[in-house]
Amino acid sequence: MNTYFAYYPIMKSIYFDWAATAPIHPEIPALISNSLLQFQGNPSAIHSTGKNTKIQIESSRKVCAKLLETKPEQLIFTSGGTESNNIILSSLFLKKPGAHLILSAIEHPSIYEYITNLKNFGYEIDLVKPSSDGIIDPENLNKLLKSNTSFISIMTVNNETGAIQPIKDIVTVVRNFEKKNGRRVHIHTDAVQALGKIFFNPAKLNIDSASFSAHKIGGPKGIGLLFLKKPIEVLSPGGGQEFSIRPGTENVSGIIAFSKAMELSLEKIQYNFQNIKYLKSVLIKELSTTKGVKLLFDEKNTKESSYSPYIISISVSPIPGEVLVRILSDEGIQISTGSACSSRNRKKQIRVLKESGVSENDASGSIRISLGWSSTEIEILEFCTILKKNISNLRKYHK
Amino acid sequence: MKNFYLIKIGEISLKKGNRKSFEKQLRFNIKKKLHSPSKITIQRGRFFLESEDDDIENIKYALSTTPGLVSFSRAVRVEKNITDIKNAALSFAKELVEKYPSGTFKIESRRADKGFEYTSYEISALVGEYLLEQLPSLKVNVHKPSWIINIEIRNLAYIYGAQEKGTGGLPVGSAAKGMLLLSGGIDSPVAGYLMARRGLRMDAIYFHAYPYTSDEALDKVKVLASKIAPYLSGLSLFVVPFTDFQLLLKQKAKEEEVTLLMRAGMVKIAEMISKERESICLVTGESLSQVASQTVESIRYNGSETELPVFRPLIGMDKEDIIKTAISIDTYETSILPFEDCCTIFSPTHPLLKPESNKLKNSFIMLEGEKLLKEAAEKTERIYFKP
């Protein structure tokens, strides 16, 4: 058993669903518990109990700012990645309609599902599709830029495919266009799957906004972060907290825990990356010889390392992915699937894989293995053994 | 007793020689649902319920979901003298005026005891006049009143206001027992409800093909079972592990025959469990030509695989009407939750529409699936849902 999970008897299993949520880091629960007791005042109050809490929030913000190399006032605590994205997308309703927006076709639903309402509001929207390797070619985006383009959103690491988008190159293309065109373009990126996993520096990337979430890096659920290069006007009014960008009494213990989780994951980012990269190579080596397994995004097909080693997407088609997920769950292995064979929302569920060049059949048989810092080689090997056994059983019925 | 209700029965009152057994069954079914001590007396087409139950909503729910009664009203009973009747009517009127401040009213009287000193017309006139005196803002409208106060003169005088709708039909248990094939869809809960209204007691059976069917799909069926349980006067749900038989079909059956042979397997297991449970008919939610397995030819084959009669109460119903009924029994929202069973994996792209019964019967024999079906029946789990 993974020694890490010894802390959590409830998770006596092989947990390979880190992209959905990472197990809470062992240092976090006590920190939350203590902070709940220690910082009980309302941070907006003017008495000392409240002020102490406010000081603590600002100190946590500074920790995050240092780690992300931003100014503290550029970081807004939210309830998670979805809310961070929502703040940015909903702010578009406060602007004059008629401008042109570009979103990637593989955005998270918290962005993608805005399309209808934005169109109804009067925006013109283009979707930039990735190539068959799941990666967006900046040149394709360049072709879509128009004189009235005002907003672009491209996810940094895709949560289903693991594809790392060339944000830096995309920004260069957009900024060059900006100079010629003379109109500012807001560049947003959902960096939820990037934080603590791959190098991500908002200032160096020269983006305008980015979304993060604590529970993907070992923090608690319900706390997120929004990087904003410059303040924006937002849709939801309130009591002025978080620079009025995200009003509402702050989730103090969440903020404290998030900054700690960020510290813990970023200080080991390089070490963990190399370790996970190795684990991925072990996994791929094992699975490449397994009959009935198809690696959906192969590093070999691209020029450089373009996929997060933390997310591995395979297809066991014609075995339905969800069936395999249930069987593995019964055997103590937690993984996930991007698509469900029977769901009415099937089209929505396979959108990202389909747009990333995966056939419908392969998408139906897709499973996502996502790793984290405590994953081990022993777990990978055990996982492969159990996976192979079950695939071999199921292939009797699914040929 | 704290609460008193007058209950009107419908179809039971048309019964002659065996009427008492229907009445007894209805009395039993109502009492089964009430939490506190209660007494039900029966008088010529009327049931009178006295209950200690403080929870009026529970009483209303119990009465509105029990097949066999057409309507019910909270009532008071007083001695047969006009002063007491007037006072009782006044207290009802005060409640109703609060509810409909600018409404109009009407008094409807019925004199079963012809010995009473006033005729029905006179009772209505006297009480109406009294109410107008006491509550001057009231207005009479005998054609389209906002509310009605009913007065019935029997052994005592019974006064009641608004009538609430019951389920109608006959009391569950007055017919024999059947087995409802319950899926997670819209139709089968409605089929169960309709047969319960004809007095059929039922168990339900669900075929669970885990891991092809999710546990969420099973949970959904449990919710549906709990929602129809009040109408069915309680039911046992049998959850059959069906995966092995489905996998046998996947391996051995011709693709276009899979759905029909799967349904035949379901019917066979339902029949096995029916025998143990003394059920003597099957109930399904089939509606003619709704899907490929519900063509006349498919239904003919399916029915031929069991000796039990198969009741299909939705056979001639329009989908819209089925949905309306599903909404009225509060199963619709659960049925449309997206946890359909994963039979789609096993469903052929081009299923047979006009199967030849004999050919399919032969295909079923060739499967040699009897052992698997028996094992599935043996491994079946039973879950009871209270009415």
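Values in this text are rule-based calculations from the coordinates and carry no lab data. Not measured: the values here are computed from a predicted model. Counting neighbours? That spans all protein chains shown, and the Cβs are built from the backbone with ideal geometry, glycine included.
Tabulated data for the structure shown
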item: Förster radius 25 Å - calculated FRET efficiency between A:ASP298 and A:SER392, Cβ distance, rounded to 0.05; result: 0.65
item: Local electrostatic count at B:TYR100 - Lys and Arg +1, Asp and Glu -1, tallied over other residues with Cβ under 14 Å; result: +3
item: Stokes-Einstein D for the protein assembly as shown, Kirkwood Rh over Cα pairs, 37 °C, 0.692 mPa s (µm²/s); result: 104 µm²/s
item: Proxy reagent accessibility, fewest Cβ within 10 Å first, across A:ILE115, B:ILE85, B:ILE365, B:ILE327; result: B:ILE365, B:ILE327, A:ILE115, B:ILE85
item: Kirkwood hydrodynamic radius (C-alpha pairs) into Stokes-Einstein, the stretch A:29-152, 20 °C and 1.002 mPa s, D in µm²/s; result: 120 µm²/s
item: Viscosity 0.890 mPa s, 25 °C: Kirkwood-radius Stokes-Einstein D of chain A over Cα pairs, µm²/s; result: 111 µm²/s
item: Förster radius 60 Å - calculated FRET efficiency between B:GLU381 and A:LYS285, Cβ distance, rounded to 0.05; result: 0.90
item: Inter-chain Cβ neighbour average for residues A:322-328, partner chain, 10 Å; result: 4
item: Chain A - percent relative contact order, Cα under 8 Å, separation 6 or more; result: 22 percent
item: Interatomic Cα distance distribution for chain B, bins of 10 angstrom, percent; result: 5, 20, 25, 18, 13, 10, 6, 2, 0
item: Whole-percent pair-distance distribution, where bins are 5 Å wide, for the alpha carbons of the stretch A:28-266; result: 1, 7, 14, 18, 19, 16, 11, 7, 4, 2, 1, 0
item: Average projection area in nm² (convex hull over Cα atoms of the stretch B:3-165, one quarter of hull surface); result: 9.9 nm²
item: Angstrom value of the Kirkwood radius, inverse mean 1/r, which spans all Cα pairs in the stretch A:244-329; result: 16.5 Å
item: Trypsin sites (Lys or Arg not before Pro) lying in DSSP loop within the stretch A:171-218, provided at most 16 other Cβ fall within 10 Å; result: A:ARG183, A:ARG184
item: Loop-resident sites, the stretch B:108-200, for trypsin sites (Lys or Arg not before Pro), counting at most 11 other Cβ within 10 Å (DSSP); result: B:LYS114
item: Sequence of A:SER374, B:SER102, B:SER120 once ranked by neighbouring C-beta atoms within 10 Å, starting from the fewest; result: B:SER102, B:SER120, A:SER374
item: Directionally averaged projected area (convex hull, Cα atoms, the stretch B:177-385), nm²; result: 10.1 nm²
item: Pairs of alpha carbons in the stretch B:294-387 whose separation is greater than 14 Å (percent); result: 81 percent
item: DSSP beta bridge pairing in the stretch B:177-385, given as percent antiparallel to the nearest 5; result: 25 percent
item: Likely footprinting exposure, B:HIS350, A:HIS186, fewest C-beta neighbours within 10 Å first; result: B:HIS350, A:HIS186
item: Paired Rg and Dmax values of the stretch A:250-298, which use every Cα atom, in angstrom; result: 17.4, 51
item: Paramagnetic reach from A:ALA203 in the stretch A:67-91 [backbone N under 18 Å; point 7 Å along Cα→Cβ]; result: A:67-76
item: Placed amide H near A:SER79: partners under 5 Å, 5+ positions off or other chain; result: A:SER84, A:GLY224
item: Potential lengthening between B:LYS354 and B:ASN87 on full extension [0.36 nm per residue; Cα-Cα distance subtracted]; result: 89.2 nm
